[in-house]
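Undergrad: What follows is a structure written as structure tokens; I'll ask about it next.
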Amino acid sequence: MAAKDLYEKDLYAILGVKKSDSADAVKKQYRKLARELHPDKTKGDKKLEEKFKDVSEAYEVLSDDKKRAEYDEMRDMYKSGRVPRGGFQGAPGQGFPGGFQAGGDFTDIFGDLFGGGGRRGPRRGQDLQTQTTISFRDSIYGSEITIRTGIEPFTTRIPAGIKDGAKIKLKGRGAQGDGGPGDLFIVVHVTPHPLFKREENNLVMTLPVTFTEATLGADISVPTISGEDVKVRIAPGTPNGKKLKIKGHGVARNHEQGDLILTIDVQVPQRVDGKAKEALEDFAEATKEFDPRADLKQRSQA
């Protein structure tokens with residue numbers, strides 16, 4: 001898109017937002033339209049494909065604070081008549097507000113983005129990327145880390161509930177440039193925990209129980225990630241692999257609180273002798289009518 005075509009268009013109207021709308025409102029509206037107009041849904045409808053392209057171009061400008069400010073300034077100049085309808089005409093080198101250069105279509109940041117020719121403005125610095133590794137507990141509750149990518153180290157906050165492999169953007173912490181600094185991206189790695197694993201906002205763990213606890217039932221003390229122990233009731237006859245939920249002891253993220261999910265693992269002693277063996281033999285005799293494999297043959301022939 002040539003620069004003059006850009007400021008002649010009302011990008012806010014194309015996207016269906018107001019000039020006063022926040023960046024979050026712009027993003028929300030774009031996502032809504034992108035779902036409705038995506039080529040996979042419009043099935044070759046050329047008019048809708050063109051609208052999807054216009055919406056995407058509008059969002060590319062309005063989602064970036066600097067591009068949006070540049071567009072607003074030039075759009076206001078255009079509507080007030082300070083920009084001729086055919087683009088700028090004037091002697092080379094003639095200045096205009098906002099730092100744009102005269103002579104044919106004006107040249108600015110939009111020229112680089114949308115195919116307009118012309119001289120580039122000052123470039124901002126290069127974006128940088130670094131990595132950090134934090135403990136599982138710190139990923140749940142958040143932590144502070146020290147970054148040493150530049151001359152002076154600085155401290156930043158890792159938000160609570162962050163996932164392994166997530167990327168954090170620190171605006172203006174990249175390399176310096178004539179147009180300002182770039183951004184710094186931090187890839188966060190989380191070390192595994194010896195007991196807990198994470199599934200979305202839930203924490204999961206395997207809870208070992210004895211044969212008698214699973215058979216007769218029991219109240220068991222279970223540790224949580226916070227360090228607090230909670231009591232869990234094992235119902236009589238609980239089978240191996242059954243899942244139990246402890247509400248509110250998972251990950252707190254985006255105003256939602258996950259749970260702790262327990263998977264029962266019935267443990268069998270490797271060696272039994274003496275009175276324990278006699279007791280189990282008596283138990284086997286007393287329960288010999290119970291056959292857990294009674295229907296295996298029938299099911300195998302289904």
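The values are calculated or read from the model by the stated rules, or taken from the named source; none is laboratory data. All values reported here derive from a predicted model rather than from experimental measurement. No Cβ is skipped: glycine too gets one built from the backbone with ideal geometry, and neighbour counts run over all protein chains shown. Just the protein is used for accessible areas: all its heavy atoms, side chains included, with ligands, DNA and RNA removed. Shrake-Rupley method; radii C 1.70, N 1.55, O 1.52, S 1.80 Å.
Undergrad: State the extension gain, in nm to one decimal, for the chain segment bounded by Ile168 and Lys46, taking 0.36 nm per residue of separation less the distance between their alpha-carbons.
TA: Details: separation 122, 0.36 × 122 = 43.92 nm, distance 3.82 nm.
The Ile168-Lys46 span can extend by a further 40.1 nm.
Undergrad: Moving to a separate point now. Working with all protein chains in place, sort Arg124, Arg233, Arg253 by solvent-accessible area computed with a 1.4 Å probe, largest first. Walk me through the numbers before you get to the answer.
TA: Working: Arg124 110, Arg233 175, Arg253 80 Å².
So, going from the largest accessible area down, we get Arg233, Arg124, Arg253.
Undergrad: While we're on this one: Relative contact order for segment 219-265 using alpha-carbon pairs under 8 Å, separation at least 6, rounded to a whole percent?
TA: Relative CO of segment 219-265 lands at 31 percent.
Undergrad: Whole Å is fine, so just give me how far the alpha carbon centre of segment 168-192 lies from that of segment 195-213.
TA: Cα centres, segment 168-192 to segment 195-213: 37 Å.
Undergrad: Could you report the accessible area of Val268 in Å², rounded to 10, computed with a 1.4 Å probe on the protein chains as they sit in the structure?
TA: 110
Undergrad: Next question, about the same structure. Compute the separation of the alpha-carbon centres of segment 23-37 and segment 125-156 and state it in Å as a whole number.
TA: 31
Undergrad: Limiting things to C-alpha atoms, what are the Rg and the maximum Cα-Cα separation (Dmax) for segment 116-226, in angstroms?
TA: 22.2, 82
Undergrad: Using the charge dipole of segment 206-302 (Lys, Arg: +1 at Cβ; Asp, Glu: -1 at Cβ; taken about the Cα centre), state which of Thr215, Val230, Ala286 has its Cα farthest towards the positive end.
TA: Val230
Undergrad: Take Glu8, Glu36 and sort them by solvent-accessible surface of the protein heavy atoms, 1.4 Å probe, largest at the top.
TA: Working: Glu8 60, Glu36 95 Å².
Largest accessible area first, the list is Glu36, Glu8.
Undergrad: Give the Debye-formula value of log10 I(q)/I(0) at each listed q (0.13, 0.33 Å⁻¹), with one equal scatterer per alpha carbon of segment 120-162, two decimals each.
TA: -0.41, -1.16
Undergrad: So for His193, His255, His38, what's the accessible-area order with a 1.4 Å probe, most first?
TA: Details: His193 50, His255 200, His38 75 Å².
In descending accessible area the options line up as His255, His38, His193.
Undergrad: What are the principal axis extents of the Cα atoms in segment 145-302, in Å, biggest first?
TA: Computed over segment 145-302, the largest-to-smallest principal extents equal 86, 42, 31 Å.
Undergrad: Label Lys245 and Gln131 with points 7 Å out from Cα along Cα→Cβ: what is the distance between them in nm?
TA: With each label point 7 Å from Cα toward Cβ, the separation is 3.6 nm.
Undergrad: So, counting K/R as plus one and D/E as minus one, what does the shell of residues with Cβ under 13 Å around Val204 add up to?
TA: Working: positive: Lys197, Arg198, Lys243, Lys245; negative: Glu199, Glu200, Asp259, Asp265.
So the environment of Val204 carries a net charge of 0.
Undergrad: Counting other Cβ atoms within 10 Å, which GluC sites (Glu not before Pro) in segment 194-282 have at most 11 and lie in a DSSP loop?
TA: Loop-located and lightly packed - Glu200, Glu228.
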